[in-house]
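A short worksheet on the structure shown next.
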Number of protein chains: 2
Amino acid sequence: MGTELRQALRAAFSGRLLTDAAEMAPYLTDWRGKWTGAAWAVVQPESPEDVARVMRWCHEHRIPVVPQGGNTGLSGGATPDGSGQSVVLSLTGLQRVREVDVQNDTITVDAGLTLFALQEAARSVDRLFPLSLAAEGSCTIGGNLASNAGGVQVLRYGNARELCLGLEVVTAEGDLWNGLRGLRKDNTGYDLRDLYIGSEGTLGIITGATLKLFPQPASRVLACVAVATPADAVGLLTLARSRLGAGLTAFELMGDSCLRLVEKHIPGARVPFNERSAWYVLIELSSEHADGQAASILEACLEAAFEQSLISDAALSSSLSQFEALWALRENISEAQGAEGKTIKHDISLPVSRIAGFIESTGAAIAARSGGVRLVVFGHLGDGNLHYNLSPSEGMAESDFLALEGPMNQLVHDAVHASGGSISAEHGLGVLRRDASARYKPSVELALMRRIKQALDPRGLLNPGKLLA
Amino acid sequence: MGTELRQALRAAFSGRLLTDAAEMAPYLTDWRGKWTGAAWAVVQPESPEDVARVMRWCHEHRIPVVPQGGNTGLSGGATPDGSGQSVVLSLTGLQRVREVDVQNDTITVDAGLTLFALQEAARSVDRLFPLSLAAEGSCTIGGNLASNAGGVQVLRYGNARELCLGLEVVTAEGDLWNGLRGLRKDNTGYDLRDLYIGSEGTLGIITGATLKLFPQPASRVLACVAVATPADAVGLLTLARSRLGAGLTAFELMGDSCLRLVEKHIPGARVPFNERSAWYVLIELSSEHADGQAASILEACLEAAFEQSLISDAALSSSLSQFEALWALRENISEAQGAEGKTIKHDISLPVSRIAGFIESTGAAIAARSGGVRLVVFGHLGDGNLHYNLSPSEGMAESDFLALEGPMNQLVHDAVHASGGSISAEHGLGVLRRDASARYKPSVELALMRRIKQALDPRGLLNPGKLLA
C-alpha cells in the first residue's frame, strides 16, 4: 500500500497521521513488551466526527483498524498483528470532559480521557468516579469500557459496565451513534451499550461515554486481618456483607507468599502482625458516617469474626498513612512478583462458594506436576476474582519455568471451567485468552457471537483476530 | 393450518397444547384488556429442552412464536397479533428453583417462576431478592428479564438487568444456550446476557436465569415528607444520596392530586399531615443497623433537610403497620386513579437535573391544550422515572378524554425527548410505544437494532411486530 493511499488517508481526516517507523513504534508494542506488531499507519483523530471520517475511509478501502486507548491492556487486545496491513486508531486525541451534571450525578467525556483525569474531574465537583486500577494514570476510559475493566472497588460500585449509562460509538461503516443518555432507566430497545462494552473494539469504536458519579464517602476505613484458610476468608466475606451492608467496598485476599515478596522487594513494606498467617484479607468500608463511627462499625464486624474464629488477628487503619500503607501491601504484589523473575498469570473468577475448594485442589495438582513452582495467589475475593499466579521455584532456570506456561494454563483453566468459573475475569480475551476461551465456551454461544460480529462488522475490519478467531 | 400440522406440533414436545378457543382465550388478551389477538395454538412446554423442541419445530415450519410469562405486561408485548398464525409460547410450565448457592449469594431458577415465589425462595434461606413490583404475585422472572423490569427498590439494588448474572436462552432455531454463570466478573466475549435482557422476546426465549441475592437488611425505615416543589424534591434526593449512602433504597415522588385520589378511593388511606403540600416524597432507608439506629440516621438527614428548607413536614414510620400504611399511599395510586375513570399513562425517565423544569413546562403546556385534564404525577424520582399520568377533568366525557390520548402522548414524549429522556423507562415498548420510540431513536441506532434482529432471528419468527416494526 503506497504513498498515494497514505496521502488519501491524510486528506480524509484532521488529526495526526504517523507513518514513520520510530513514531509508530510505541503504538505497536504493548507496555509489557509481550506482543509486537506492525501497522501501515497510526492515526490520532481529534474528535468523534474525525474518528468517523477515519472509519469511513478505512471501510471504503477495506483496511483493518486496531483501536487503542492508553495501551495498558494485559491481553494483547490493542496491538496489531504482524501483517503491517492495519491502521492503529489511537483514541488519545479525544480528551474532552464534555459535561458534568452534578445534580444528575453523571459525567460525559471523550473516550481518550485517562481514568485519572476522569477521577479528578469528578473530585473537582465533590463527586466520586469509583473505577480504580493500577494503570489509571495512563489507561483511557474508552479502553476501560472496551475491556470492561474491574479493579479494587467493584464490590461496592460495579465494574466499568455497571458505571456506564450511555455510549457514543463509531460503527464499522463510519456512522456515529450518539447513545450518550444520562438515564438510570431506559427500556426502549436492544441494549447496544452493553454489547459494545467488553467487545474489545471488535464491534465498534467507543468515542465517548456518560458515566455515573457518586457522593464522596465521608470516611474510608481499612482493616488487614489474618485468616487461616480461604474457607475462613469466604466465611468472613459472608459476615462482612451482612454486617457492613452496601458500604463494603473492597475485600481482597492475599496469600502469605505474596506479602513475603512485597516485604522482600518493596522498601518499608511490612505485614502488621507479629505472627505470620497463611492468608490475609483487606476489608475496606466506605461510609457516609464520620471516621470514628465507620471504624466502630468495622471493629464490631471484626469482633464478631473473632468470636466465630474466622480471623486470628486484625489491624485497623487509624490514619491516612496507615490506610495507604495497608493498601500498598496489596497494590505492590504484582511489582514484587515481577522482581522475582518471570510470572505465569491467570485472571480467573469463580462462584465464591467454589473458591476454597479450587485453591486447595488446584494447588495440590500444581505441586504434583510443576517441580515446586511457587503460587502467588491474591485478588478480589469479594467478586470471586483471583489473580492466580505462579513464580519459579528458587534456582529454577527461566526456560524450565516458561516451558510450564502451556501445561499450567491448561491445568488452571480446566479446573476453573470445572468449577463453573471464567478464565478472564477482568482482563478480557485479546489474543492471550482468545483460543483458550473458545475451548470452554458452548458452541451455541460462539456461534451467536460470530453472528453478532458478522452483523456489526460484515467486512471483518474491526480489531481482527482479537476476542474471536 | 390444519389438523395435521397441529398433530405434528403435538408430537413434537411434551407439555400442554391448547387449541380450544375457550382454553386459549386467557393467553390472547392482556390483563388490562387493552389488546386482544388470535393464535393458532398455545403451548406450555415443561422444561427448557421442551421449549427448544417447540422452537425447532416452529422454526422448521416458519411459524411465528409469541413468548408469554405471567401476562402482566403494560405494553402489549405478550399478546399475539390478530392474524391467528402465531403460536403463543407460555413459559409458566417452567417453575423450578434449580439451585440456591447461599455462599455465592445466587439463585438459579426457571423463567416461569413467579417473582413472588422467587422472593420467597430467597427469604427461605435468609436472603433478599430485591426486585419488587405491583404484579409480583403473577409476573414471572422470565418476563421481568425480557422487559428489564424496575420497581421500587431499583435505587439501591438495580433493575432486573442489574440483578441477573446468567441466562439460559433458546434461540430462534431451537438451540439451547446455557449461560447460567454465577459470576460477578466474566470478560470472555460479547455480553449476550444483556442483549437478551430487555429484548421482549424478539431475539430468543429466556428459559432460566441465575440471579443475585443479598443479605436481608436488619432494618427498613420509611419517611413521608412534604415538599413544596419538584425542585425541592430533587434537592432532597441529592442530600439523601450523600447522607444515607448506599442504604437509600427508595425515593418516590407523589403529587398531592395522587394522594387525594388515594384518600378518596382507598378505605383508611390518610396523608399523615394536617396541612396539605403540593408534593410528597417517600424515602426508604434499608440498613445493616438495627431499627433505632437506622431511624436516627434518617432523622438526622431529615433535620438537615429542614434546615435547608427543602421539606416542610415529615412523618417517620415507627412500626411495621405505619411502614406499610405509608407505602400503601404510593402503591394504591394506580388503583385509585383507575377508580376515577380512564387514564392516559406515560412511563418516562429524565436526567434528574431536568425533572423539575420538565414538570413545570409540560404541566403548563398540558393545561393550555387539554381543557383541564388532571395530572396524576408520581414515580421513582431516585431513578429519574416518572409515571406522568392524566385523568379526565370532573365531568369530562370519556370519549373527549380518549380523543386527547394521541395529542397528549405526542406532547409529553416530545418534551421528554427534548430533555434527553426516555419514553419507556421500565415498561418496555411492546406494541404500545414501538412506533413512538422509532420516531425519537437515531436512525443509526434503529439500523443497528435491525441488524441484531436479523442476525439472531433471520426468519423473523420471534414475537414479530413487538419492539421493532
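Read the figures in this text as sums done on the coordinates, not as results from a lab. Just so you know, these numbers come straight off a predicted model, no measurement behind them. So basically every Cβ, Gly included, is an ideal-geometry build from the backbone, and we count neighbours across all protein chains shown.
Details
- Listed by chain and number, the aspartates and glutamates whose alpha-carbon sits under 13 Å from that of A:Lys264, ignoring those within fewer than 8 places in the same chain, are A:Asp256, A:Glu335, A:Glu340.
- For the set A:Lys212/B:Lys34; A:Lys342/B:Lys185; B:Lys185/B:Lys345; A:Lys185/B:Lys185; B:Lys345/B:Lys466, the pairs lying more than 29 angstrom apart at their alpha carbons are A:Lys212/B:Lys34; B:Lys185/B:Lys345.
- Anisotropy class of segment A:217-339 from Cα gyration tensor, a/c 1.5 cut: oblate
- Net length available on complete extension from A:Phe273 to A:Arg450 is 58.5 nm, with 0.36 nm assigned per residue and the Cα-Cα distance removed.
- For B:His417, the distances from its label point to the matching points in the remaining copies are 4.9 nm, ordered from shortest, with each point set 7 Å beyond Cα toward Cβ.
- Computed from the alpha carbon atoms alone, the convex hull of chain B holds 151 Å³ per residue.
- Spatial separation of Cα centroids for segment A:132-182 and segment B:357-390, in angstrom: 34
- Computed E for A:Ala365/A:Arg260 - FRET, C-beta separation, R0 30 angstrom, nearest 0.05: 0.85
- When chain B is described by a simple charge dipole with +1 on each Lys and Arg Cβ and -1 on each Asp and Glu Cβ, the residue from B:Ala290, B:Gly198, B:Thr238 located farthest towards its positive end is B:Gly198.
- Using the Cβ-Cβ distance between A:Phe116 and B:Val125 with R0 set to 41 Å, the FRET efficiency works out to roughly 0.45.
- With a 10 Å cut-off around each Cβ of A:419-426, the average count of Cβ atoms from other chains is 5.
- For peptides B:91-100, A:419-428, B:161-170, sequence by mean Cβ density within 10 Å, most packed first: A:419-428, B:161-170, B:91-100
- At full extension, A:Ala21 and A:Arg439 could sit 146.8 nm farther apart than now, given 0.36 nm per residue minus the alpha carbon distance.
- Percent breakdown of C-alpha pair distances by 10 Å bin, ordered from the shortest bin, for segment B:397-469: 17, 42, 28, 11, 2
- Label spacing, shortest first and in nm, from B:Ala25 to its equivalents in the remaining copies (7 angstrom along Cα→Cβ): 8.2
- Simple rule: put +1 on each Lys or Arg Cβ and -1 on each Asp or Glu Cβ in segment A:234-356, find the dipole, and look at A:Val281, A:Ala300, A:Ala325; the Cα lying farthest toward the positive end is A:Val281.
- Projecting label points 7 angstrom from Cα along Cα→Cβ for B:Leu402 and B:Thr29 puts them 1.4 nm apart.
- Evaluated at q = 0.04, 0.05, 0.07, 0.08 Å⁻¹, a Debye calculation over the C-alpha positions of the protein assembly as shown (equal weights, vacuum) places log10 I(q)/I(0) at -0.19, -0.29, -0.59, -0.78.
- Between this copy and the others, label points of A:Glu60 are 4.9 nm apart in ascending order, each placed 7 angstrom from Cα in the Cβ direction.
- Mean partner shielding of peptide A:437-444, defined as the number of other chain Cβ atoms within 10 Å of each residue Cβ, is 3.
- Three-way shape call for segment B:270-341 based on the alpha-carbon gyration tensor, with the a/c threshold at 1.5: oblate
- Between the amide H of B:Leu165 and those of B:Thr210, B:Leu211, B:Lys212, distances stay under 5 Å, these residues lying 5 or more places away or on another chain, with hydrogens modeled in the peptide plane.
- Within chain A, helix-based [θ] at 222 nm, where runs of 4 or more DSSP H residues each add -39,500 (n - 2.57), nearest 500: -11000 deg cm²/dmol
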